[in-house]
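Nothing in this text is a laboratory measurement; each read-out follows from the coordinates by a stated rule. In this text the structure is predicted, and so the values were computed from the model without any measurement. Backbone-built Cβ (ideal geometry, glycine too); neighbour counts: all protein chains shown.
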Amino acid sequence: MFNDFRMAAALLVAAASLCAWHPAHAQAGGEPARQSLTVSLGMVEDTRRDAADSPLAYSGNGPGARMDYDRVREGNRFHLSLTAGGSTLTPSGAVPQADIPLEEAFGLYALEAGMEWRLRGGPARGGDVAIGVEFGATVTVARHLFAGQDISQQDFDLGVATLAPTARWTRRLGAGQLAAALAVPLLAWVDHPYADVRYAKQLMSVRFAPLSQFHQANGELSYAFRPESRTGITASYRIGMLELDGLEPVRRVSQSFSVGVVRRFGAL
């Protein structure tokens with residue numbers, strides 16, 4: 001089943017890429033493409049509770065990195081991003097038992113790819129609005145560290161793949177461009193083993209998670225300084241919320257702030 005899922009994910013990304021490049025052939029004499037590559041570094045703060053590994057909620061922070069590629073032509077935008085981060089989390093409250101892990105090493109790895117289409121006819125002073133679709137894949141690994149136990153470490157993971165409608169608003173503000181974006185997945189597939197993933201035989205048991213069980217929303221607010229220049233700076237604030245109901249429920253809220261260096265290519 002995982003091979004089918006992996007193939008479907010690859011087809012979705014490939015389809016998004018084809019959609020992004022198609023206008024270049026269909027309208028060769030139109031507006032030239034604008035491309036940009038952004039590398040960002042920042043801090044991530046996480047609060048999470050996963051009943052598969054502990055009855056307690058954990059919170060903490062750590063560094064994060066992100067790489068974004070954007071291609072804009074004739075009002076259509078293709079975007080691809082890769083994210084990685086690591087945090088040290090500790091129990092949010094008192095630890096009632098000796099066998100409860102005292103610390104988590106929490107890692108996150110994510111890929112997002114999507115296409116947006118700008119809505120025409122709106123007031124120019126109010127900014128531009130675009131709607132689109134986005135495929136996302138996220139893997140989080142929680143390494144629980146125990147003190148004075150025979151088992152000093154246990155690893156748990158959560159894999160999520162989603163398909164979400166998106167909305168994005170941009171407006172020129174001062175010397176830069178302000179943007180706000182929101183993605184709310186409507187389709188989700190989940191891999192959530194209920195045991196130490198170093199030994200669990202049920203790894204990669206992907207299942208479909210209906211809206212009655214899975215809820216997620218991701219938002220972003222960013223400001224790009226001097227977007228007409230070849231090299232620039234962008235600052236971004238992101239917040240994400242995830243809720244998975246089932247035999248072992250998951251609750252997670254994360255926020256991050258990052259600053260990135262942007263290199264732009266093609267038309268400006």
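Tabulated results
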read-out	value
Rounded if a/c under 1.5, otherwise prolate or oblate - region 214-268, Cα gyration tensor axes	prolate
Separation in nanometres of the label points that stand 7 Å from Cα toward Cβ, at Leu37 and Leu163	3.1
Among 74-85, 246-257, the order from most to least packed when residues are scored by Cβ within 10 Å on average	74-85, 246-257
